[in-house]
Amino acid sequence: MTTEVVDELEHLKLAASIAGVDVQRFVLPESRHVLVGNMRFHYLDWGTAGKRPILFLHGGGLNAHTWDLVCLSLRDDFHCLALDLRGHGDSEWSPQGDYAIASHVRDVEGFVDLLGLKDFVLVGMSLGAVTAAGYASLQSQELAALVIIDAGPEIQRAGGQRIRDFVVDTATLDSIDEFVAKAISFNPRRDPRLLRRSLLYNLRATPDGKWMRKNDTRHMGVRPFESIIDESRRQWDGVPSISCPTLVVRGANSDVFRDEDAAKLAASLRNGRWVKVDNAGHTVQGDNPAGLLAVMREFFAEIRLEAKR
């Protein structure tokens, strides 16, 4: 076992202990790459193939590792897969700078077809939630269930702008220590003991000795935030066509998504309900993974979703 593997496992054990997440067995995922269309995508496969798949989609500026504790806890019952969206993590950047939501949706369609996923659960947070909703509005028949985390047709623009400003402001910094300091300032809920290792999944060293985000931020500084909000809102037009059971999750301390926004979205779904996770802001899976796991498991039990196909 290499030093890198030992370090990653120790990080996961510490993260689980701090978060209060029950993990039966600590393992690392398989890191895989696939071609979807003419672009290369990276994803994490947590194993247990043959069980009902759950596909996880992260938020903007994040990567597939944001789901590590959630996947570790669920992998005994489900085949957990976490995808790096285009321009994020270790997936390819779009040569054309195309990060339209519709393009993300097509990527997910291609990925699902390539892996042959059927009757699966789709979980998305923020950008991943908008993408998941877009996919579900077109392919609801393929889904056993849908989980939407802290996003919907109505969001608080000030909160969204704060996130965008943070991502742009931290596109390139002099050191990892500077990234850690800014990340804690942005979200004081995060434990500094975990941040350094977590950030390494989202950063790469530059030739001049600095560190930059793996996610492509080039388009963020030139495209007006209002146009992004408008494009996101259009993706929710298909919500009434989503027929699968859907759970809408809100972080209780989120400055992006309010109770009334979650309630309105759930009411517009054919088979929707919403819940609130305490001690969590916008990034629910990072702030309170144990709380998110609890509401997801309760939802799966409520809809009588069997782990095995």
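Things worth noting here:
- When the criteria are applied in full, Arg233 meets the requirement of being on the phi < 0 side of the Ramachandran plot and modelled with pLDDT under 90.
- The requirement of being surrounded by 14 or more Cβ atoms within 10 Å (Cβ to Cβ), part of a helix (DSSP H, G or I) and at pLDDT 95 or above is fulfilled nowhere in segment 22-42; no residue meets it.
- Within segment 115-140, residues that are among the β-branched types (Val, Ile, Thr) have Cβ atoms under 8 Å from residues that are surrounded by 24 or more Cβ atoms within 10 Å (Cβ to Cβ) and part of a loop (DSSP other than H, G, I, E, B) in these pairs: Val130/Ala151; Thr131/Leu85, counting only partners at least 6 apart in sequence or on another chain.
- Of all residues making up segment 163-180, the number that are over 18 Å from the mean Cα position of the chain (by Cα) and under 18 Å from Thr283 (Cα atoms): 5
- Lys118 being of a type outside the set (A, V, I, L, M, F, W, C) and assigned to a loop (DSSP other than H, G, I, E, B): yes
- Scan of segment 81-114 for residues that are touching a Pro at 6+ places or on another chain (Cβ under 8 Å) and either more than 21 Å from Asp150 (Cα to Cα) or touching a residue at least 40 places away in the same chain (Cβ under 8 Å) (or both), ordered by number: Ala82
- Cβ-Cβ contacts under 9 Å between residues 6 or more apart (or on different chains), taken from a first residue in segment 56-76 that is at pLDDT below 95 to a second residue that is part of a helix (DSSP H, G or I) and aromatic (Phe, Trp, Tyr), are listed as Gly61/Phe166.
- Of all residue pairs spaced 6 or more apart or on separate chains, those with beta-carbon atoms under 6 Å, a first member in segment 155-171 that is over 25 Å from Asp259 (Cβ atoms) and in contact (Cβ under 8 Å) with a residue 40 or more places away in the chain and a second member that is among the aliphatic types (A, V, I, L, M) and surrounded by 17 or more Cβ atoms within 10 Å (Cβ to Cβ) are Val168/Met220.
- When segment 254-278 is filtered for residues that are over 18 Å from the mean Cα position of the chain (by Cα) and either polar (S, T, N, Q) or at positive phi (or both), the ones remaining, listed by number, are Ser268, Asn271.
- Among the residues of segment 45-54, those identified as part of a strand (DSSP E or B) and touching a Phe, Trp or Tyr at 6+ places or on another chain (Cβ under 8 Å) are Lys51, Pro53, Ile54.
- Restricting Arg270, Arg297 to residues that are in contact with a helix residue (DSSP H, G or I) (Cβ under 9 Å, 6 or more places away or on another chain), outside any loop (DSSP other than H, G, I, E, B) and basic (Lys, Arg) narrows the list to Arg297.
- Within segment 265-283, residues that are within 22 Å of Ser243 (Cα to Cα) and among the small types (Gly, Ala, Ser) reach partners that are modelled with pLDDT of 95 or more and assigned to a strand (DSSP E or B) with beta carbons closer than 7 Å, at six or more positions or on different chains, in the pairs Ala266/Val248; Ala266/Gly272; Ala266/Arg273; Ala266/Trp274; Gly272/Thr246; Gly272/Val248.
- Criterion applied to Ser126, Ser91 was being under 19 Å from Pro29 (Cα atoms), modelled with pLDDT of 95 or more and among the polar types (S, T, N, Q), and the one residue passing it is Ser91.
The values are calculated or read from the model by the stated rules, or taken from the named source; none is laboratory data. Values in this document were obtained by computation on a predicted structure and should not be read as measured data. A quick note on method: Cβ atoms are made from the backbone with ideal geometry, for glycine too, and the neighbour counts reach across all protein chains shown.
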